[in-house]
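Q: One structure, as C-alpha cells, below. Some questions next.
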Amino acid sequence: MNEWVKEYWAKTLFGGIISGFGALTLWVKKKFKRLELLECGVQALLRNEIVKEYNHWIEKEYCPIYAKDNIKNMYIQYHGLGQNGVIDKVYEEILDLPTEKPKEKECWKMKVTERLTKLIDVKSIVTLALTFTFISIVLAQLDIKDNVFQLFNTLISTVFGYYFGKKDSKETN
C-alpha cells in the first residue's frame, strides 16, 4: 500500500502542480491583456486632451507657460506609451505659440489687414469699376448732373462703409 500511495500521490501532486502553473499562466495573460487595454485607454485619453488643448490655444493664438507645461507633461506620458503619430506635430505647434496674449494694437492691425484682403473679391471689383467710371467721366470733363455725382458718391461711400464699418461676428460674441 505504501508503494501505491507513493506512485499515485506523486502523479496527483505532479498533475496539481502542472494544473496550477497552467492556471497561473492564464491568470497572468489575463492581467497583461487588461494592463495593455488600460494603457491604450490612457493613451487615447491623453491624445484627446492634447488635441483639445491644441484646438483651444490655436484659436486664441497664444499659449501661456502653465498650459505649455501641462501639455508637456501629458505629451511625455503619451510619448512613453508609444505610437505618437500626429501628436508630435501638434505638440510642436503648441510649443511654437507665443506665451502672451497678442496686444490689442496688433489685433487691430490684423483686423484691418484682414478687411483689406477681403476687399479684393468680386464686390470690390464692382467698386473699382464704379470708381474707374466716375474718374473717367471727371477726366473727360463731361458735364454730369448733380444727382449722378451724388449717386456715385453715395454708392462708393456705402460700399467702403460696409467693409470698414461692418463688425465681425467674432467681435460681437
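Values quoted throughout were computed directly from the atomic coordinates according to the rules given, and no laboratory measurement underlies them. Computed from a predicted model, the values in this text were never measured in an experiment. All Cβ positions, glycine included, derive from the backbone under ideal geometry; neighbour counts span all protein chains shown.
Q: May I have the count of lysine pairs in segment 2-96 with C-alpha atoms under 21 Å apart, counting pairs 8 or more residues apart or located on different chains?
A: 9
Q: Taking K and R as +1 and D and E as -1, what net charge do the other residues with C-beta under 13 Å from the C-beta of V28 add up to? Mind dumping the intermediate values first?
A: Working: positive: K29, K30, K31, K33, R34; negative: E36.
Its environment carries a net charge of +4.
Q: So how do C63, C40 line up by other beta-carbon neighbours within 10 Å, fewest first?
A: So the residues, fewest neighbours to most, are C40, C63.
Q: Going by average Cβ density within 10 Å per residue, which order do the peptides 19-25, 93-99 take, highest to lowest? List each step's numbers first, then the result.
A: Numbers: 19-25: 10.0, 93-99: 13.0.
Result, highest mean first: 93-99, 19-25.
Q: According to a simple spin-label model (label point 7 Å from Cα along Cα-to-Cβ), what is the distance in nm between Q83 and L45?
A: It is 1.7 nm.
Q: Additional query: Provide E3, E100 in ascending order of the number of other Cβ atoms located within 10 Å of each residue's Cβ, fewest first.
A: E3, E100
Q: Taking the Cβ-Cβ separation of N70 and W27 as r and a Förster radius of 35 Å, what is the calculated FRET efficiency to the nearest 0.05?
A: The computed FRET efficiency comes out at 0.40.
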